[in-house]
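Written out below as structure tokens is the structure these notes cover.
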Amino acid sequence: CGIFGIIGVADAANFVALGLHALQHRGQEAGGIVAHDPEQGFNSVRRFGYVRDNFTSAKVMEALPGPIAIGHVRYSTAGSKGQTAMRDVQPFFGEFSMGGAAIAHNGNITNAEALRRELIERGSIFQSSSDSECIIHLMARSLQRDIPERMEDALRRVEGAFSVVAMTANQLIGVRDPLGVRPLVLGRLGEAWVLASETCALDIIGAEFQREIEPGEMVVIDESGVESRHPFRARRPRFCIFEHVYFSRPDSILGGRSVYETREAIGRELAKEAPVEADIVCPVPDSGTPAAIGYSLESGIPYAMGIIRNQYMGRTFIEPTEQIRNMGVRLKLNVNRALIRGKRVILVDDSVVRGTTSRKIKEMILDAGAKEVHFRIASPPTAWPCFYGVDTPQREKLLAATMTEEEMRDHLAVDSLKFISLDGLYRAVGEAQGRDNACPQYCDACFSGDYPVEPADMIEKGFRL
Ligand code: 5GP
Ligand code: SF4
Ligand code: MG
């Protein structure tokens with residue numbers, strides 16, 4: 001999901017709409033904005049679909065007046081899987097004795113079901129099936145006297161991955177979980193302060209990037225400025241390495257480095273680890289593009305746009321049902337036949353999850369008359385599900401969970417298939433020594449099975465580490 005908030009500008013909701021538009025790649029199922037105005041109080045709008053279709057009309061935006069607002073774009077990783085229900089669309093709102101608060105959450109709470117059971121037993125009335133709603137109910141039960149402190153109380157009980165943007169009538173609040181699994185950045189626009197999942201959402205409104213919110217940090221922003229707190233026991237951060245590979249936009253800055261440069265470095269690393277003789281290097285667009293450029297630069301094999309993407313389709317994996325996903329590949333990608341015929345083609349993609357995309361693309365490329373097809377993948381085999389906010393299927397549906405690399409190559413029926421190594425990926429994200437196995441620098445659980453937070457709800461349901 002993508003989250004955004006701003007305090008200290010007229011018509012804050014307009015800025016939120018722009019910010020969410022820049023974060024649309026993080027969630028395309030639904031979006032919502034909450035704004036507060038001293039005269040009109042809190043207002044909210046929640047809608048299915050794209051930001052540009054829902055939050056551009058004057059009529060909608062006029063219903064969201066005020067100098068402070070937050071928003072959320074959703075893709076479902078917990079709660080109503082498949083179709084998002086309207087009741088699961090964030091931000092969530094709660095009315096407390098000291099006033100109202102709205103919260104928008106990116107990530108996944110790994111003990112949400114246990115918390116939900118406990119809260120329901122003690123009288124909480126849940127409105128949604130979302131894991132994020134726990135935070136509101138935990139806040140309602142806290143005995144603290146102000147909302148930021150109630151949030152601290154609530155979040156200390158929550159396990160897993162959370163970046164949160166929240167607001168009261170006069171405060172904007174940002175928090176990252178102690179491991180800092182999901183991103184969150186702070187920006188400045190004149191006198192106003194901005195919180196956003198990624199820096200590309202600062203760029204769109206002309207805000208200046210100040211810094212990342214630190215893992216385990218909470219910032220409370222009001223008229224007097226930014227106050228930083230550290231409500232959690234300090235731990236070694238484990239940022240999601242897959243944000244570098246796929247999830248974040250290439251024009252965002254993560255950990256002081258452009259995501260694009262990181263992806264190009266991944267491609268270079270891949271070319272060193274898994275060279276092959278061929279005529280052209282083609283990306284599977286758009287997610288494979290920067291890595292393909294890196295592969296081409298390192299290997300000297302010309303880069304070519306052998307697959308053309310229809311710009312009007314969303315991300316395939318975010319389409320939740322299998323049937324739509326299966327069609328999705330063809331609706332979204334088409335082979336540039338003239339370029340492919342008779343060629344030995346290296347195809348670069350960011351990841352293989354179920355193998356649906358790779359299979360379809362291989363067929364399309366062979367149909368177009370390619371002589372050889374070599375897959376090069378910019379991440380290690382995805383052998384484990386993510387429980388921290390990226391929608392990977394159950395373990396059995398992951399190609400790499402049941403097959404070796406060779407079996408996958410045979411299954412996909414390609415001439416060769418190679419994945420970047422985990423150490424290679426670490427080198428590409430800037431860890432010259434590779435992965436520190438005693439104390440890994442990132443979360444890489446979907447590749448390694450090394451889960452930095454025990455997925456308690458899933459273990460209860462029978463998931464085995
Ligand atoms: P597959 O077709 O193998 O299931 O999915 C791989 C494609 O989905 C890749 O092209 C990739 O861009 C995209 N994808 C990337 N990340 C994820 C993820 O975390 N989960 C899923 N399901 N698909 C992803
Ligand atoms: Fe990111 Fe993978 Fe960890 Fe999920 S399991 S947070 S996708 S690195
Ligand atoms: Mg892709």
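Bear in mind that the values in this text are calculations on the coordinates, not laboratory data. Keep in mind it's a predicted model, so treat the numbers as computed, not measured. Every residue, glycine among them, receives a Cβ derived from its backbone with ideal geometry; neighbour counts consider all protein chains shown.
If R0 is taken as 60 Å, the Cβ-Cβ distance between residue 56 and residue 406 corresponds to a FRET efficiency of 0.75. Extension gain for the segment residue 309 to residue 229, taken as residue separation times 0.36 nm less the Cα-Cα distance, is 24.3 nm to one decimal. Between helix 12-22 and the chain there is an angle of about 20 degrees, using the helix long axis and the longest principal axis of the Cα atoms. The H on the amide N of residue 42, modeled in the peptide plane, is under 5 Å from the matching H of 37, each at least 5 residues off or on a different chain.
Which entries in the list 332/418; 332/360; 332/371; 272/343 go over 18 Å, if you measure between the two C-alpha atoms of each? Correct reply: 332/418; 332/371; 272/343.
3J(HN,Hα) couplings calculated from phi for segment 429-438 with the Karplus curve 6.51 cos²θ - 1.76 cosθ + 1.60 (θ = phi - 60°) are, in sequence order, 7, x, 9, 3, 8, x, 7, 8, 5, 6 Hz; Gly and Pro show x.
Using the Karplus equation 6.51 cos²θ - 1.76 cosθ + 1.60 (θ = phi - 60°), what ³J(HN,Hα) coupling, rounded to whole Hz, does each residue of segment 32-40 give in order, writing x for Gly and Pro? Once rounded to whole Hz, the list reads x, 9, 10, 10, 10, 10, x, 8, 8. Please list the non-local residues whose amide H lies under 5 Å from the amide H of residue 336, H modeled 1.01 Å from N, same-chain partners needing a gap of 5 or more. For residue 336, whose amide H was placed from the backbone, the distant partners under 5 Å are 307, 308. Remark: relative contact order (segment 263-435) = 23 percent; criterion is Cα-Cα distance under 8 angstrom and separation of 6 or more residues. Per-residue ellipticity at 222 nm from helix content only, as computed over the chain with -39500 (n - 2.57) for each DSSP H run of at least four residues, stands at -8000 deg cm²/dmol. Between the listed residues 369, 400, 355, the Cα displaced farthest toward the positive end of the dipole of segment 263-435, a dipole computed from Cβ unit charges relative to the Cα centre, is found at 369. In order along segment 352-364, the phi-based Karplus estimate (6.51 cos²θ - 1.76 cosθ + 1.60, θ = phi - 60°) of 3J(HN,Hα) comes to 10, 10, 8, x, 4, 4, 4, 4, 4, 5, 4, 4, 5 Hz; Gly and Pro are listed as x. A Cβ-based charge dipole, computed about the Cα centre of the chain with Lys and Arg at +1 and Asp and Glu at -1, lands at about 1040 debye.
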